[in-house]
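Engineer: Handing you this structure, nothing more for now.
No lab work stands behind these numbers, since they all come straight from the coordinates. Keep in mind that this is a model prediction, so the values were computed, not measured. All Cβ positions, even for glycine, are placed from backbone atoms using ideal geometry, and neighbour counts span all protein chains on display.
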Amino acid sequence: MAQEGLGRLFDLSIGFAPVDMQTAANTGKRINLRMYGGIEIVLFKGAGTAGDDPVLTLKQHTASSSGTTANLASIDHYYVKSEQTLDGDETWARIAQAAAATITDPGGAGTSAEEQQIVVIPVNATSLADGYDYISLDVADVGGNAQLGCVLYVARDLAAERAPANLVAPLS
């Protein structure tokens, strides 16, 4: 019998729940990376209207709330699946960029708003500056038209394997 991955290989946590990303800026919850080797940040979004391309910003923090916050300019690549209607036949595209804290128009085609997308941003815990243990991903208000989206954190390389019910809450 195969072993389950949750608690052994990865843990999951919320960045932000599904929301219409045009109603306001979307502030991601903070996740503590001290217990993980890294994290894959997943943005899953619906199609929107031309010109309302998402802008994603990766941040690092010294505390679970308050503390010091700074942009984390470590995104030198990310992955995207993109189609008018995601139906499972898409392949991943690796998008390279100069190291930055921001992704503007995921996929870089100028049409990210018009397509459904899955965007995955890998972040290694070692990329955080000294004294910073938490990260978050913010998505700016996309504009004046509806575009549904959510962010999921997939923490990997757990420091200690545990049964899922015994995992430490990653936002604490």
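Engineer: Which values of log₁₀ I(q)/I(0), to two decimal places, follow from the Debye formula for the range 1-159 at q = 0.08, 0.09, 0.17 Å⁻¹ with a uniform point scatterer at every Cα?
Structural biologist: These q points yield log10 I(q)/I(0) values of -0.22, -0.28, -0.99.
Engineer: Can you figure out the FRET efficiency of GLN97 with ASN166, using R₀ = 41 Å and their beta-carbon distance, to the nearest 0.05? If you can, show how the numbers build up before the last one.
Structural biologist: On the way: r = 38 Å, r/R0 = 0.93.
Rounded to the nearest 0.05, the efficiency is 0.60.
Engineer: Quickly rank 62-71, 39-48 as a protection proxy: mean count of other C-beta atoms within 10 Å, highest first. Present the calculation step by step, with values, prior to reporting the outcome.
Structural biologist: Working: 62-71: 12.6, 39-48: 21.2.
Packing order, densest peptide first, comes out as 39-48, 62-71.
Engineer: Give me the Debye-computed log₁₀ of I(q)/I(0) at q = 0.28 Å⁻¹ for the range 16-70, equal point scatterers on Cα only, no solvent, two decimals.
Structural biologist: -1.36
Engineer: When the gyration tensor of the range 94-172 is built from Cα positions, what are the square roots of 5 times its three eigenvalues, in whole Å, from largest to smallest?
Structural biologist: Working: eigenvalues 164, 57, 32 Å².
The three semi-axes for the range 94-172 are 29, 17, 13 Å.
Engineer: Sticking with the crude label model, points 7 Å out along Cα→Cβ, report the distance from LEU6 to ASP76 in nm, one decimal please.
Structural biologist: 3.5 nm
Engineer: Place a +1 charge on the Cβ of each Lys and Arg in the range 32-144 and a -1 charge on the Cβ of each Asp and Glu, then give the dipole magnitude about the Cα centre in debye, rounded to the nearest 20.
Structural biologist: 440 debye
Engineer: Quick one: divide the alpha-carbon radius of gyration of the range 56-99 by 2.2 N^0.38 Å and tell me what you get. Mind showing how you got there, number by number?
Structural biologist: Values: Rg = 15.4 Å, N = 44, 2.2 N^0.38 = 9.3 Å.
With N residues counted in the range 56-99, Rg over 2.2 N^0.38 Å equals 1.66.
Engineer: Compare GLN60, GLN84, GLN117 in a GNM of the chain, Cα atoms joined below 10 Å, and give the one with the largest fluctuation.
Structural biologist: Sorting by GNM fluctuation, first place goes to GLN84.
Engineer: Once a ≥ b ≥ c are taken as the square roots of the eigenvalues of the Cα gyration tensor of the range 128-169, is the result rounded (a/c under 1.5), prolate (a/b larger than b/c) or oblate (a/b not larger than b/c)? Walk me through the numbers on the way to the answer.
Structural biologist: Working: a/c = 4.28, a/b = 1.77, b/c = 2.43.
Oblate, because a/c is 1.5 or more while a/b does not exceed b/c.
Engineer: Name the residues of the range 22-51 whose amide N is less than 19 Å from a point 7 angstrom out from the Cα of GLU83 along the C-beta direction?
Structural biologist: From the range 22-51, the list is 43-48.
Engineer: Given the Cα-Cα distance of THR49 and THR104 and 0.36 nm per residue of separation, how much length would full extension add, in nm?
Structural biologist: Values: separation 55, 0.36 × 55 = 19.80 nm, distance 1.56 nm.
Gain in length upon complete extension: 18.2 nm.
Engineer: Something else now. Which net charge results when you count Lys and Arg as +1 and Asp and Glu as -1 among the other residues whose beta-carbon is under 13 Å from that of GLU114?
Structural biologist: Taking every Cβ under 13 Å from that of GLU114, the sum is -4.
Engineer: Among the aspartates and glutamates, select those whose C-alpha is under 14 Å from the C-alpha of LYS29, and discard any that sit fewer than 8 residues away in the same chain.
Structural biologist: By straight Cα distance, LYS29 reaches ASP133, ASP138.
Engineer: Computed over the Cα atoms of the range 1-95, what is the ratio Rg over Rh, Rh following Kirkwood? Walk me through the numbers before you get to the answer.
Structural biologist: Numbers: Rg = 16.0 Å, Rh = 16.4 Å.
Ratio of gyration radius to Kirkwood radius for the range 1-95: 0.98.
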